[in-house]
Amino acid sequence: MSNATIETRATTALRGLLASPTSFLFFTGKGGVGKTSTASATAVALADAGRRVLIVSTDPASNLREVLGVEAVATAAVGVAGVPGLDMLDLDPTAAAETYRETVVAPYRGVLPPDVVAQIEEELAGPCTVEVAAFNEFVSLLTRPDVLDAYDHVLFDTAPTGHTLRLLSLPAAWDGFLTTTTTGITCVGPVSSLGQARAAYASGLAALRDGTRTTVVLVARPERPAIEEAARAAHELAALGMTHQRLVLNGVLGDPGDDPVAVARHAREADSLSDLPRSLESVRSIDVQPLLTRAPLGIDGLRAALGPIAEAPEALTARGAASTDFRSLAELVESAAAAGPGIVMTMGKGGVGKTTVAAAVAVGLAARGLPVTLTTTDPAAHVDDVLVDPPPNLRVTRIDPGAVTAAYQDRVLTASRDRLDDAGLDLLAEDLRSPCTEEVAVFHAFAETIAEAENRWVVVDTAPTGHTLLLLQSAQAFGAQSSVTRPGGAAVGDAAVRLQGRLADPDHTRIVLVTLPEAVPVHEATALQQDLQRAGLHPWAWVVNATLAASGTHHPVLRGRADAEHRWIEVAVHSSARPPAVLPWLPKPPVSVEGLSVLLT
């Protein structure tokens, strides 16, 4: 697709999507590409056209309220002020899990022996329960008659792609599991209680696969990693039967003029869009949303985002003085090297550059001759794309969910052959085929990787925020349920206990919060820091990535965004335990040792 076509379509933002919307619209894509703002702008436009609309967030790290300008937590559908016909709902995974646990456990209290009830409660302590409980809420919105009668359109602002694909695959996975398993206990409770939900799951899956009712909206930035992530999602969702797909390219720069920074950015976008992956060739349409001077927040901002591109930018407020209380990434790397072997974890909202920062830190440590492991827990990992030529003392790994799950299943079955008869082994094998097993297996692999930090520097590129918190919160839960409910699970419990101690030790674990100099990513990083502190984990430093403020750009849109950055850099300065690192926007994507080294100068 040529860049000329992109520019022509940029004057009709989302008009293709709005021309023929289905009843259900799923907005998904790599974290940080603008799913929430795109979904919210679409919801406002549909409501302004007289439709009855519900917008729902299924993201554990949702910022839907901030984008819509709603202050109260919406755990039930509530109207959005200033937009008649528009309601919003935040699915709270934690609250859903608590309700689900009590629903499952309550009928057995006073009926089964206390130790059996305790076993059920321990099975329900893991993060998979949170996911399935949230999915129950999700399915109800697809199938409940009162929802279908009340709204013309239900829009889902989903979690980042890897988490979303797992969520959407649950109907098929659980349906297959329940077909062959009718007794026993799973990590989300008794199989009999899951069986009662089969009809709802089947109905939800049918709705997802019906192209006359459901559209998948793949959102991507005009950057190669985001486009490749959208292509991967398109392929995997099509394999699940969700073939009615559209693509939205968000944040496309218009005429660059003669500004060198804008020309470089325009060239990067054109290169990324010049050869779309084959799996995107079947999308029904491609809409373009132009890069705006300011991120669209609030109802007025969302409405303006769908208007024609202005010839001149809006008036800008005077910028404040820029803080100088920050340091280079090289200085942070030097501090990590001096502290000795341990863990460096990059965390933050999806799309802020965690992978790039993690790879740059690993390269900086390796350049000092230190033994380094760079690994990722992100289901949508692309570490290998960023670091294609690691030096000999830098080991690059990835926790592959499929591989570690198969290994875990084999290990548990092997350890159980001497203590179970054939019928018991068959039941255990069925349990291990449940979708929840993957969570336990991935956690075990994560704990084993972290254990390397006794004599190495282990840099962990984590999954987007919500998924990472579930992983960190699972240490004690997995330790309990694995050692109690499954033969061979004690090793997981031991690893979990050791992991919890390592993560809580500030002399051993250095958590780096990565953000962009924008409102939503900074607010997300602030909230994440508070959540981590409540869990006894204290972030070591912040990194503000891809800043335009020092670029010298005079392009009206980029200059407006650069002026707005100072406020958010100041927030990082005041929030970081030590002066944060502030990294510039680079004309070329920082890949390879040479490219990543630019961030360390």
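So the values come out like this:
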quantity: Relative contact order of segment 535-589, pairs being alpha-carbon contacts under 8 Å that are 6 or more residues apart, as %; calculated: 55 percent
quantity: Net charge, Gly251 excluded, C-beta distance under 11 Å - Lys, Arg +1, Asp, Glu -1; calculated: +1
quantity: Sites His523 and Arg419 - FRET efficiency at Förster radius 51 Å, r taken between beta-carbons, to 0.05; calculated: 0.50
quantity: Net charge over other residues, Cβ less than 13 angstrom from the Cβ of Glu71 (K, R count +1; D, E count -1); calculated: -1
quantity: Estimated distance in nm for a label pair at Leu148 and Ser274, the labels positioned 7 Å out from Cα along Cα-to-Cβ; calculated: 4.9 nm
quantity: Label point distance in nm, Asp531-Thr601, each placed 7 Å from Cα along Cα→Cβ; calculated: 3.7 nm
quantity: Estimated inter-spin distance, Ala77 and Glu331, nm [label 7 Å along Cα→Cβ]; calculated: 5.3 nm
quantity: Accessible-area value, Thr75, 1.4 Å probe, nucleic acids and ligands omitted, Å²; calculated: 90 Å²
quantity: Long-range amide H partners of Gln289 with built H, under 5 Å; calculated: Leu249, Asn250, Gly251, Val252
quantity: Peptides ranked, highest mean first, by Cβ atoms within 10 Å: ranges 215-225, 335-345, 269-279; calculated: 215-225, 335-345, 269-279
quantity: Contour excess over end-to-end distance, with Cα ends at Arg578 and Ala304 and 0.36 nm allotted per residue; calculated: 94.8 nm
quantity: Förster radius 25 Å - calculated FRET efficiency between Glu102 and Asp210 (Cβ-Cβ, nearest 0.05); calculated: 0.15
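The values are calculated or read from the model by the stated rules, or taken from the named source; none is laboratory data. Being a predicted model, the structure only gives us computed values, none of them experimental. Counting neighbours? That spans all protein chains shown, and the Cβs are built from the backbone with ideal geometry, glycine included. Protein only, heavy atoms only, side chains kept; ligands, DNA and RNA dropped before computing areas. Shrake-Rupley method; radii C 1.70, N 1.55, O 1.52, S 1.80 Å.
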